[in-house]
Amino acid sequence: MMRLRVAATATALVLGAALPGGKVLARGDGSGNQPMLISVKRMSLETALHIARAALDECRHEGLQVGVTVVDRSGQTQVVLRDVLAPPLTLTVSRQKAYTAVSFNSPTSALVNRFKSPNSVGKVPGLVFSAGGVPIEAGGTLLGAVGVSGAPQGTTDEKCARAGVDAVKADLEMQGM
């Protein structure tokens, strides 16, 4: 009987992780201090699109054609834009930069020299440790990341990515109040 109860509890926890709306059923530690539900803030499609568009526009202002990817907090692609003359490879690299930035909650420029060991996490497929990926945060909450690729230098990619985040930063901060 106890084995059945443990299996049912484990199943409920696994199923609870998939509740719609980002809510998670959590079993407390017995002290009563753990919440039963956790709400997760997510960017709207319009916000992600605004970020991508502002990043693309900043690079256009610099005379550059780039690819831009915005990912949500779990690293899933939310918006992808590629300017007319940007090579198709910019989409792969911009996505990897965004994924890396959200995975480490850090601009990718800050990670360039962090993983030099041949067996480090830097060898994990899908991670890119070059400038151009920037986390999207508001009110201390990680919402996602934006990655830009196609400029001759990663610092320019990052400048464009930051312009995308800056375009919505104040509005996102106001939403947290």
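Numbers at a glance
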| quantity | calculated |
| --- | --- |
| Test result for V71, touching a residue at least 40 places away in the same chain (Cβ under 8 Å), closer than 16 Å to E137 by Cα, surrounded by 22 or more Cβ atoms within 10 Å (Cβ to Cβ) and touching a helix residue (DSSP H, G or I) at 6+ places or on another chain (Cβ under 7 Å) | yes |
| Filter pass, G75 being touching a strand residue (DSSP E or B) at 6+ places or on another chain (Cβ under 6 Å) and at pLDDT 95 or above | no |
| Region 70-96, residues that are more than 15 Å from P135 (Cβ to Cβ) and hydrophobic (A, V, I, L, M, F, W, C) | V79, V80, L81, V84, L85, A86, L89, L91, V93 |
| Pair list, Cβ < 7 Å and 6+ apart or interchain, from region 128-143 residues that are at positive phi to residues that are surrounded by fewer than 19 Cβ atoms within 10 Å (Cβ to Cβ) | G139/E173; G139/G176 |
| Subset of region 74-107 (residues that are surrounded by fewer than 22 Cβ atoms within 10 Å (Cβ to Cβ), in a helix (DSSP H, G or I) and β-branched (V, I, T)) | T92 |
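The values are calculated or read from the model by the stated rules, or taken from the named source; none is laboratory data. In this text, all values refer to a predicted model and were calculated from it rather than measured experimentally. So basically every Cβ, Gly included, is an ideal-geometry build from the backbone, and we count neighbours across all protein chains shown.
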